[in-house]
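Inspection log for the structure reproduced underneath, given as structure tokens.
The values are calculated or read from the model by the stated rules, or taken from the named source; none is laboratory data. Since the model is a prediction, treat every value here as computed from it, not as a measurement. All Cβ positions, even for glycine, are placed from backbone atoms using ideal geometry, and neighbour counts span all protein chains on display. To get the accessible areas, we keep the full protein, side chains included, count just its heavy atoms, and leave off ligands, DNA and RNA. Shrake-Rupley method; radii C 1.70, N 1.55, O 1.52, S 1.80 Å.
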Amino acid sequence: MSEIQTDDDGLIRLQKLLAMSNVASRRKCEELMLDGKVEVDGEVVTRLGTKVDPRTAVIRVDGKRLPPVSEKVYLVLNKPRGVVSTMSDPEGRRSLGDLVADRPERLFHVGRLDTDTAGLIILTNDGDFAQRLAHPSYEVDKTYVAEVEGEIYRRTLKQLLEGVTLDDGPVTVSKARIIEAGKEKSIVEIVIHEGRNRIVRRLMDHIGYPVRRLTRTQLGPVVLRGLLSGEMRDLTLDELGELLDSTQL
């Protein structure tokens, strides 16, 4: 989309932009406009031929945000265990930077994962987006799957959902469910908003279930499923649009 051709005023016909963004065919995009399903900057647009600035217009189709044209990149990476959540490491340990060494952009990570925690981490060269997404005030859900020591019970989930207070303050758990429960180990899924240092490990340790293995599987609408360890992909338009809305950008 960054190669989009605009007129001398930097504008493009709305239905053409929608089609180029893979919303639908040009004809179908026109139908969506005529049906009142396309908004630009909060206003329903039904007039065919309406022109917009593809870099600044806030466009929604059936209520879903269509990200603006941008030179920025937004990637989701399945971070392997043992990789440091920095773009370089003075101690010579394997870092995120090593995994994206072939990328031409100057990327940085959104938030952190512990070195011994695997899973979903977002990389971008959009500083405003990264800062907003990492800030706890925007309450973007983070989903973790933890393998813990011992047998976990439903009363444990109730304890988590009622709230646990650690040394540095209370932790709010939005959702929790048991995936597997055994005498030696259990697997539990936990959803929280925040990203304090080693928060899930400290949380589970506090209630008597030390974490053996931990993976972040989802951040907001972005799901890790399908990515092998060390693999990455671009965020989809739907994922990026939802995150832009979540962070009020």
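Residues of region 6-31 that are within 18 Å of D238 (Cα to Cα) and open to solvent by 20 Å² or more (accessible area, probe 1.4 Å): A19, M20, N22, V23, A24, S25.
With a requirement of 3 or more residues that are free of Cβ contacts under 8 Å to residues at least 24 places away in the same chain, none of the strands (runs of 3 or more DSSP E) lying completely within region 47-136 satisfies it.
Looking across A134, A130, one residue alone is at negative phi, buried (at least 20 other Cβ atoms within 10 Å of the Cβ) and among the hydrophobic types (A, V, I, L, M, F, W, C). It is A130.
Whether any residue in region 165-183 is closer than 30 Å to E242 by Cα, part of a helix (DSSP H, G or I) and open to solvent by less than 60 Å² (accessible area, probe 1.4 Å) is what I want to check. Scanning region 165-183, I find no residue that is closer than 30 Å to E242 by Cα, part of a helix (DSSP H, G or I) and open to solvent by less than 60 Å² (accessible area, probe 1.4 Å), so the answer is no. Being open to solvent by less than 20 Å² (accessible area, probe 1.4 Å) and without any contact (Cβ under 8 Å) to a residue 40 or more places away in the chain is a description that does not apply to I190. Against the list (1) in a loop (DSSP other than H, G, I, E, B); (2) open to solvent by 60 Å² or more (accessible area, probe 1.4 Å), the condition I152 fails is (2).
Among the conditions (1) over 15 Å from the mean Cα position of the chain (by Cα); (2) surrounded by fewer than 20 Cβ atoms within 10 Å (Cβ to Cβ); (3) closer than 25 Å to G97 by Cβ, R202 misses just one, which is (3). If only residues of region 137-149 that are part of a strand (DSSP E or B) and open to solvent by less than 60 Å² (accessible area, probe 1.4 Å) are counted, the one that is farthest from T217 (Cα to Cα) is V148.
In the condition set (1) surrounded by fewer than 14 Cβ atoms within 10 Å (Cβ to Cβ); (2) of a type outside the set (K, R); (3) in a loop (DSSP other than H, G, I, E, B), Y209 is compliant with all but (1). Is it the case that Q218 is open to solvent by 30 Å² or more (accessible area, probe 1.4 Å) and either in contact with a His (Cβ under 6 Å, 6 or more places away or on another chain) or in a loop (DSSP other than H, G, I, E, B) (or both)? So Q218 does not fit the description; no. Considering only residues in region 101-115 that are over 19 Å from V171 (Cα atoms) and touching a helix residue (DSSP H, G or I) at 6+ places or on another chain (Cβ under 9 Å), the one that is most open to solvent (accessible area, probe 1.4 Å) turns out to be F108. With the requirement that a residue be touching a helix residue (DSSP H, G or I) at 6+ places or on another chain (Cβ under 7 Å) and under 13 Å from L160 (Cα atoms), what does region 193-208 give you? The answer is I207, and nothing else.
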